[in-house]
Structures are given as structure tokens and as C-alpha cells.
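Everything on this sheet refers to the single structure shown next.
What follows is calculated from the coordinates using simple rules that are stated; it is not laboratory data. The structure displayed is predicted, hence computed values, not measured ones. Note: ideal-geometry Cβ built from the backbone for every residue, glycine included; neighbour counts use all protein chains shown.
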Amino acid sequence: MREIDQALARAYAQRGASDPGTVPPAPHLVPRSKDDAHASPIPAPHLLENPEWDDAPEPFLLHWPATVRILERDCGDRFEQMAEFILGARDTQGMKVLLFTSCHRAEGRTTLVLTLARALARRAGRTLLVEGDLTGPMLARQLGLRPTVGLDDVVEHGTALNDALIDVPDEHLTILPLRAPVARPREFLASTGWSCTLSRLRRDFDLVLIDGSPLFAGLSAAALHRSVDGAILVQNHTLTGQRALLRAQEILNEGGVPLLGLAETFV
């Protein structure tokens, strides 16, 4: 995997000062078998307003981070392979709603999800990208979005789901952002509003990717099993060791969330 690591190092170096704080991911995704429970991993859109454009709404434009573009250029084939793997898991195992999580922050989770979403959006079907990092949402910020309505309004206040969904036809993607961090994440995930929203998304979309909170930041995995079909654990090996990975797997197992695979990231 030396050439992939080198490509990622170049991507990280080229991102420049305009894209700080993002750890670029390498999509080394490994499926989990029943007898391989403890295996180690293998290695901002703005709504354009134009009063002269009749009555048609202007489209949203997603401002993709430079790191995502570089990763797509230098090792896009890896993300294409990951996309095929996920679609296969959906078609054969019914894993339609996937949680992307990590042990800690700054492990490259959001960058990985964004790059993967672009690969999946090139396939047939409707792909939805959900901001599920309830205590530290970064998805909308990374894309340049400034939402006035979000998932938090839908779940906590009963706002219409369609008011929070952002369709981006040119990208073949739909985004469901958070407007603000959630004050009580456990209650949020255990609420009827959350479960009803996820049921609606499952019905209306072909694939739902949730950019979730880190497992060691207070996420209640037990509240997730009713909503998600499986999880992909993102690891930056310089931040998270084998002991933390095993504990993360235990948390997911205790919450009834199957671990679909591990995705290791590199600096």
C-alpha cells in the first residue's frame, strides 16, 4: 500500500492553509467475517439568490474541500472499490443505513465519508448524506453550508423533513445537515422523532450514510440499533491503537450495531 500512503501524504501536503484540521483518509476497507471479530485493519454551499431568475429556486453549490478533490484524483480507485463493497453489502445483507464512526475526533472520518459519497453518487439510486455528529457537527461546514433548518429541528421540534433536506441535483446527492450541536445526544437518539425520521429516510433513499459522533465522545450505541443497519469504524493508526479498536467493537456489539468493516486513515 506504499503508493496509496504516498498519495495521501501528497494530498495532505497540498491541501494548504485553506483547509486546516482535516486528516486525509485512505479507504482500506476490510469486511468483517463472523470468525474475524478481533482482526486488525488493513492497511460551502451558499444558496444563490437571483431575483431575475423567474420563480425557479437557485441550486445549492457544494464547496468540496481541497483534500477530497486530491484524494479523488490520486486514489479514486480505492474509493470506487469501497463504494462497490458498500453497495454489495446493501444488496446482499440489507445494510442500507450505515453509520461512519471512530474512537476519537480528528481521525479523518468526515473526509472519508465525503469522498466516498461522491463515488456512490455516480451510481444509480438516491444517496443521502446525514450529519450525525451530534456534539461536533462538521459536515455542513466542510461543504460551506449554512443551514437555517436541520435534522435537529426535525427531530426535536417536528419541522417537516423536506424543509431540512438539501437536494443537489448536479452532484446526485441529498444532504441532511445539523443546524447546531445537540444538547442531549442520548435523548435525541432515543426519541420517537429520531426513529421516525430514520424510517422515512430508509423508505425514500437507496443508501443513507451517517457521519456519526466518535464512540468515545458520549455516543449511546444502544440507542442506534433500532435505526442503523451497520457501522464502519474509521481509524487513524497514529491516534488509535488496537486496544481502543477492540473497545470500540465491544461498544458497537453491546448496542446491537454490526461492524461492517474498518477503514484505516494515514497522514
Checklist outcome for this item: In nanometres, the difference between 0.36 nm per residue of separation and the alpha-carbon distance of Thr148 and Gln93 is 16.2 nm
Item to check | Over the stretch 132-267, relative contact order from alpha-carbon pairs under 8 Å, at least 6 apart, % | outcome: 23
Checklist entry - Given +1 on the Cβ of Lys and Arg, -1 on the Cβ of Asp and Glu, and no further charges, what dipole in debye does the stretch 108-267 carry about its Cα centre, rounded to the nearest 20? => result 200
Item to check | Interchain or long-range residues, amide H under 5 Å from Leu173's placed H | outcome: Val168
Checklist entry - Between Arg184 and Leu246, what is the spin-label point distance in nm, taking each point 7 Å from the Cα along the Cα→C-beta axis? => result 3.7
Checklist entry - By average Cβ neighbour count within 10 Å, what is the ranking of 167-176, 249-258 from highest down? => result 167-176, 249-258
Item to check | Integer Hz, Karplus 6.51/-1.76/1.60 couplings in order for the stretch 177-186, x for Gly and Pro | outcome: x, 9, 7, 7, x, 8, 6, 10, x, 5
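Hey, got the dipole for the stretch 73-128? About the Cα centre, +1 on K and R Cβ, -1 on D and E Cβ, debye to the nearest 20? Present the calculation step by step, with values, prior to reporting the outcome.
Values: 10 positive and 6 negative charges, 51 e Å.
For this selection, approximately 240 debye.
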Checklist outcome for this item: The size of the Cβ-based charge dipole (Lys, Arg +1; Asp, Glu -1) of the stretch 101-158 about the Cα centre, to the nearest 20 debye, is 440
Next on the checklist: With the crude spin-label approximation of a point 7 Å out along Cα→Cβ, what separation in nm comes out for Ala124 versus Thr238?
Outcome noted: 4.3
